[in-house]
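Below you'll find the structure, written out as structure tokens, and then a few comments.
Throughout, read-outs are computed from the coordinates displayed, never taken from laboratory work. Because the structure is a prediction, the values reported are computed rather than measured. Glycine gets a Cβ as well: all are built from the backbone with ideal geometry, and neighbour counts include every protein chain shown.
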Amino acid sequence: MRSEKVVTRKVGDEMVIVPLVNSVADMTRVLTLNETGTAIIEALNGQNTINQVEEQLLAQFDVEQEVLSNDLQNIITEALDKQIIELIA
């Protein structure tokens, strides 16, 4: 699930992520995601399991499952570290 510590805006196929510090945008840490990164963050909506996200992305992009699985795990770890997404029970 997307964290409330960031604001996101989709621009075309890309997404801009602005971290919030004390409810104020931290413009020094703005992230821009490409189409693939945007699809991943959108799929991690708190309703899909990781397996469902992987299946959705495999249908959307021309990529091998093993490559996608590794990339997805790396992106999830990084997004958690940067507080872009949060774990839900």
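Annotations for the structure displayed:
- Helical contribution to [θ] at 222 nm, DSSP H n ≥ 4, -39,500 (n - 2.57), averaged over the chain, rounded to 500: -13000 deg cm²/dmol
- Alpha-carbon centroid distance for the pair segment 23-46 / segment 48-89, whole angstrom: 13 Å
- A simple rule links phi to the HN-Hα coupling: the Karplus curve 6.51 cos²θ - 1.76 cosθ + 1.60 with θ = phi - 60°, which for segment 41-57 gives 4, 5, 6, 7, 9, x, 10, 8, 6, 4, 5, 5, 4, 4, 4, 4, 6 Hz, with x for Gly and Pro.
- GluC sites (Glu not before Pro) restricted to segment 1-49 and DSSP loop, no more than 15 other C-beta within 10 Å: Glu4
- Dipole-positive endmost among Thr8, Ser69, Leu33 within the chain (Cβ charges, Cα centre): Thr8
- If only the Cβ of Lys and Arg carry +1 and only the Cβ of Asp and Glu carry -1, the dipole of segment 6-81 around its Cα centre is close to 480 debye.
- Long-range amide H partners of Val7 with built H, under 5 Å: Val18, Leu20
- A Förster distance of 35 Å, applied to the separation of the beta-carbon atoms of Val11 and Asn51, puts the FRET efficiency at 0.75.
- Rough spin-label spacing in nm, given labels placed 7 Å along Cα→Cβ, for Val18 and Gln73: 3.5 nm
- Once C-alpha pairs closer than 8 Å and six or more residues apart are averaged by separation and normalised to the residue number of the chain, the relative contact order reads 31 percent.
- Exposure proxy ranking, count of Cβ atoms within 10 Å, fewest first, for Leu72, Leu58: Leu58, Leu72
- Local electrostatic count at Gly46 - Lys and Arg +1, Asp and Glu -1, tallied over other residues with Cβ under 9 Å: 0
- Sparsely packed trypsin sites (Lys or Arg not before Pro) within the chain, loop by DSSP, other Cβ within 10 Å at most 10: none
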